[in-house]
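Data first, discussion second: the structure below is written as structure tokens.
The values are calculated or read from the model by the stated rules, or taken from the named source; none is laboratory data. None of the values given here were measured: they were computed from a predicted structure. Cβ placement follows ideal geometry from the backbone for every residue including glycine, while neighbour counts extend to all protein chains displayed.
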Amino acid sequence: MKVFYCLFIFIGFFISACAIQIPTNIRLNDTLMLDTESNVKDQVNIEFISNIQDGIFPQCKQNTKEPDGNYQGLMIEEKTAFEKMLNEYLGMKFSNVDNNSNTKITIQLKDFWVNGYSTDSAAKQTLVVLGGGELNYVFIANLEVYVKIIKDNKTIEKTIKATGENLSVTGIGTGTETSYIYKGKRGGNYTNSDAINIANNKAIMMINKFIEANQL
């Protein structure tokens, strides 16, 4: 049993060893860009706050925020990515930004975490590590954003939750563990980056809908 447990831990480190640094993807998706209606009449005071800093984030167990010790942490520039994407969106949305305006939008990046796990059985993971082969890996990015609008002496608030998910296939013992491309598909660290970008885009799309629902 102890041997099996050690092998299982080794699997986690092996899978994650090539995916520590996650590339930063700040691309806004086409749907968001097309759906954003520019506001040229309202003067708006905009504030961005982040509880999250760039750094190492643990990979958490499935459907939880509990770090999974079988996997190494990932270096993710989430604050930088989200803020750049948000600023690009706000630049398209509002022409008149005025720090003295009584109409104020506060956007707070409150929480961010990632879940990473293999969908294969522990037995298969052990066999792959020992003999080589492929493992399927799911990566999910989660974020929570708080938005507050002060307009006409009224305060409207909303908490937004968004996720992005991607599946990658990792070849172990095949000579391709560190490849950018594996069987015609991008490597795990790049698909993880895409999942984070999907979550960020979803959050900004929901922010846009909330802002427009309040006539801004």
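Tabulated values for the structure
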| item | result |
| --- | --- |
| Condition broken by Tyr137, with the remaining ones in (1) under 30 Å from Ile46 (Cβ atoms); (2) touching an Asp or Glu at 6+ places or on another chain (Cβ under 9 Å); (3) hydroxyl-bearing (Ser, Thr, Tyr) satisfied | (1) |
| Filter result (surrounded by fewer than 21 Cβ atoms within 10 Å (Cβ to Cβ), hydroxyl-bearing (Ser, Thr, Tyr) and touching a Ser or Thr at 6+ places or on another chain (Cβ under 9 Å)) within the range 56-86 | Thr80 |
| Of residues in the range 100-133 being charged (D, E, K, R) and at pLDDT 95 or above, the one farthest from Glu78 (Cα to Cα) | Lys104 |
| Candidate set from the range 44-99 (those that are outside any strand (DSSP E or B) and in contact with a Lys or Arg (Cβ under 6 Å, 6 or more places away or on another chain)); member that is modelled with the lowest pLDDT | Asp68 |
| Contacts under 6 angstrom Cβ, first residue in the range 90-119 being in contact (Cβ under 8 Å) with a residue 60 or more places away in the chain, partner outside any strand (DSSP E or B) and of a type in the set (A, V, I, L, M), 6 or more apart | Leu109/Ile52; Phe112/Ile52 |
